[in-house]
Amino acid sequence: MFQLFQKKQALKKSIVGINQRNAELVYQYNQRKDYKLADDKVLTKEILHQHQIACAETYAVIERMGDLLSGWQSVQHYQKIAIKPANGSGGGGIKILKKNAQNKWMSSGKKIDDSQILQHMANILMGVYSLGGRDRVLIECCIEPHPFFHEIYPAGVPDFRVILLNDVPILSMLRVPTDQSDGKANLHQGGLGIGIDMLKGELTQGYDGKSYYDSHPDSKSQIKGKKIPFWNELLLLSMETSKAFPLNYLGIDIVLDKDLGPLIMEINVRPGLGIQLVNQKGIKEAIQEHKQFSTVLS
Amino acid sequence: MTTNRKVFNTTVLLLMIVPLFLLTWKMYNGYFTAQQFLPETTYQVDYNFELNAKDLDKDLFVKTYIPQNTPHQKIENFVYKANDFNVNIDKTPIGKQIEWRSEQEFPNTQHIQCSFAYTGKSLQYDLANNLPLQQIIPEEVRPYLEASEFIQSDNMHIIRKANDLITADDDLTSALKNIYKYVRLIPAIQTNELTDALTTLEKRSASCNGKSRLFTALCRAKGIPARVVGGIILQTAQKKTSHLWAEAYVQGQWIPFDALNGHLAYLPSNYMELYKGDYFLISRTANIDFDYQYHIRKHETIAQNVKSDYTLWALPLQAGIPIDVLKLILLLPICSLLVALLKNVIGIKSFGVFLPAIMAMAMDGIGFLYGSLAFVVVVAVVSFLHYPLNKWGLLYTPKLVVLIIGVVLSLLLTTYIGIQFNNITLSSMVFFPIIVLTIAAERFARTIVEDGMEDALQLQAQTLVVTFFCYLVYNCDFLTGFFLTCPEVYAMIIALVLLIGQWIGIRISEYRRFEWVVS
């Protein structure tokens, strides 16, 4: 009984729960009117472009059904594109298209007709991926993952998540796909979260929602102690981004492109709490390590 | 402390204290009475009999018991349909009996009927401790110690079981409780057959009549006068089943026990008492075509002498809004509070935050069991339809239309099945909030696709749990009366929710999630 109580106390000291995250971080540090800057990828990219912060190049934004066809035709000269709902969440509705040798569009290894693509984009506009509201289609350059990622797991696009408070990075992780996650890196879709030693710029251990690993459970590639390329640039980029936005508590997703280096993927006002599990370190604990934040959380 | 904080604290304090004053004032001014809190329930009951008879060599008759006025029940507006029968109403020691009798023959189907309004009050009896097992038994109670055809209290097995259950240390109350517990634990089965006490003991399974007879026999075997009581459990339905429970004689009082439905020294308000003793509810001339049905409808009515000043009682009293409708509005705040508590403190998730509150509302008419059955059926139908629709890449709104039609058709089908089997509960499934349900079910189908079956099922189970709690709230008559009498309590609910809204503690489910980190 007493042990349980002690455990609870230890947990309370270290972990931030959903209630506290919302009440004392999300609501306190972000203004409601600014949420859309993070929730809407088109708005996010406008700000990123304004501040000349590195991110995937925007090829087209489609707002109306009537513009679907012309929008689609305007991107035909590219070899590889990503189609996204501006207001999607959890990676829903994202389609990666590549041209094959015959110059035909392919999606996840299968041929795809123009009509199917237009249908998908129409669905995005109708709000299928944004809880019923109207939405916009974002077509952008498709990232080529840095070889560093393929050493860990050979498929999909892994990304870094950095949580910042008042423009200071406090906790971060790397998310990689697994055999179960079907190319997706999100934790709740079966992706593997990997903790990061932020001072050394090294990976620590992987966590799949059940147990911890020193090497990737599918590819068996060593994780622990692996150096992250461009780590300092990556951190600087996250801070620069955080400064560009009026949001003061946010999670920033960053990818490493083969040629372009660190690029901002998206921004979250309500970053998930699983990062605490991945790092085996509570957000409260992480915040308190920075002296200037000693009074942030009750 | 910041001003913002001060204003918040003062608001919460005021919302708590002002209603508390009002409550205290009401308590001292006679507002806290049973009538004030418990709306009385009235049932309109019709006995419907159908018969035709040819080539009879004796009189044609149908006899049945009708309820009498007692402290437990009040009978009003009694009427009967005689057709060409002579009707006699007779008060016997067993109960009040109505008889239709005729010398005529009826080759065509005759409908005979009687109906009345029943108002019931639940009765709770106190069982005192330390009463001696042997009590003084008046002459007129003696017959209730003797064995009868179906209550074989003189049988060796019954006597042995009774001796097993009751030791020399037991007083009257603990003896009755021991017998009750034993009979209660016998597995219940659905059967319309007559089961006697001995068969129940040997087979260890029985419906109401077997259990009540066994309870009675075990009591009698230990010298406690006991009898079975025949009646009908009232609920909105068309049914044929009657019910049997037991009564034991304790110090000049007959104490009710229902070992099937778990009522110990308690008689629910909807248990209509008809006759005392082991008899049949209906007796009639043999060799005629005969069918019967009880048609029961529930009405909430209001006691005449409630205090309506400074309360909401004017709504049902003057505006005539039925309590059944009113309660759905009155109790929604409590259900929402419950949802907030379960979500923010415990961490239970559900499809759509307040969907459980709405579903519980819809289940009010048809019961939780059929209600959740409907929910599961709808979810299954939608998930099934969702698969091809998704594959064909249908746009969201048209997809929902197809799903709604699927849900409508499946609910109509269940209703049709309900009508076929004469099950009125099943057939009122149509009144489910179809659109809300369909949207929830669509989200379920999408959860399957996005997060896998396990997550989706878990979410569905948690939704049902929250719904169940909300359903319990809606079924608590006391709460309806309480909020009608003390609407100021809503202010306290707001205060409570303000506090929950500021509570930043770790949700109970999160303790489990984050256990890894500390261990």
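Across chain A, Cα pairs under 8 Å and at least six residues apart give a relative contact order of 21 percent.
Here the calculated FRET efficiency for B:Thr3 and A:Lys33, from their Cβ-Cβ distance with R0 = 35 Å, stands at 0.90, rounded to the nearest 0.05. Stokes-Einstein, applied to the Kirkwood radius of chain B over Cα pairs at a viscosity of 1.306 mPa s and 10 °C, places its translational diffusion at 58 µm² s⁻¹.
By the Kirkwood approach, averaging reciprocal distances over each pair of separate Cα atoms, region A:1-140 gets a hydrodynamic radius of 17.8 Å. With the simple model of a label 7 Å out from the Cα in the direction of the Cβ, A:Lys99 to B:Leu56 spans 9.5 nm. Eigen-decomposition of the gyration tensor built on the alpha-carbon atoms of chain A gives equivalent ellipsoid semi-axes of 34, 23, 18 angstrom, largest listed first.
How are the Cα pair distances of the protein assembly as shown distributed, in percent, across 20 Å bins from 0? Bins of 20 Å from zero give 12, 33, 29, 19, 7, 0 percent of pairs. Counting every alpha-carbon pair across region B:132-262, the share separated by more than 24 Å comes to 23%.
A compact globular protein would have a Cα radius of gyration near 2.2 N^0.38 Å; the ratio found for region A:191-298 is 1.14.
Calculated [222 nm] ellipticity per residue, helices only, for chain A: -7500 deg cm²/dmol; basis is -39500 (n - 2.57) per DSSP H run with n ≥ 4, divided by all residues, nearest 500.
Computing FRET efficiency as 1/(1 + (r/R0)^6) for B:Gln235 and B:Gln68, where r is the C-beta to C-beta distance and R0 is 30 Å, gives about 0.90. Placing a pseudo-label 7 Å from each Cα along the Cα-to-Cβ vector at B:Val345 and B:His299 gives an inter-label distance of 4.0 nm. As a length-normalised measure over Cα pairs under 8 Å and 6 or more apart, the relative contact order of region B:132-262 settles at 26 percent. Across region B:234-246, computed HN-Hα scalar couplings (Karplus, 6.51 cos²θ - 1.76 cosθ + 1.60, θ = phi - 60°) run 8, 7, 4, 5, 10, 9, 10, 6, 9, 9, 10, 10, 10 Hz from first to last residue, x flagging Gly and Pro.
What accessible area, summed over both chains, is buried at the A-B interface (1.4 Å probe, Å², nearest 100)?
Using a 1.4 Å probe, the pair buries roughly 2500 Å².
For region A:127-252, the fraction of C-alpha pairs farther apart than 20 angstrom is 51 percent.
Of the solvent-accessible surface of chain A, computed with a 1.4 Å probe over protein heavy atoms with every protein chain present, carbon and sulfur atoms account for 50 percent.
Measuring nothing but how far apart in sequence close Cα pairs (under 8 Å, 6+ apart) lie, relative to its length, chain B scores a relative contact order of 18 percent.
Residue-wise HN-Hα couplings along region B:330-347, as the Karplus relation 6.51 cos²θ - 1.76 cosθ + 1.60 with θ = phi - 60° gives them from phi, are 4, 9, 4, x, 5, 4, 5, 4, 4, 4, 4, 4, 5, 7, 7, 9, 7, x Hz; Gly and Pro carry x.
The Cα trace of region B:215-304 gives Rg and Dmax of 15.7, 48 Å, the first to one decimal, the second as a whole number. Annotation: per residue accessible area for region B:253-359 equals 45 Å², rounded to a whole number [probe 1.4 Å, protein chains only]. The modelled label-to-label distance between B:Tyr490 and A:Gln116, using points 7 Å beyond Cα along the C-beta direction, is 5.5 nm.
Here is the P(r) of region A:57-141: all C-alpha pair distances, binned every 10 Å from 0, give 19, 55, 24, 2 in whole percents. Counting Cβ atoms of other protein chains within 10 Å of each residue's Cβ and taking the mean over peptide A:10-22 gives 6. According to the Kirkwood relation over distinct C-alpha pairs, the hydrodynamic radius of region B:286-354 is 16.4 Å.
The three principal axes of the Cα atoms in region B:332-475 give end-to-end lengths of 42, 41, 24 Å, sorted in falling order. Element breakdown for chain B at a 1.4 angstrom probe: carbon and sulfur atoms account for 58% of the accessible area.
The values are calculated or read from the model by the stated rules, or taken from the named source; none is laboratory data. The model shown is predicted, which means the values in this text are computed figures rather than measured ones. In this analysis, Cβ positions are derived from the backbone assuming ideal geometry, glycine residues included, and neighbour counts consider all displayed protein chains. The area values use the complete protein model at the heavy-atom level, side chains included, leaving out ligands, DNA and RNA. Shrake-Rupley method; radii C 1.70, N 1.55, O 1.52, S 1.80 Å.
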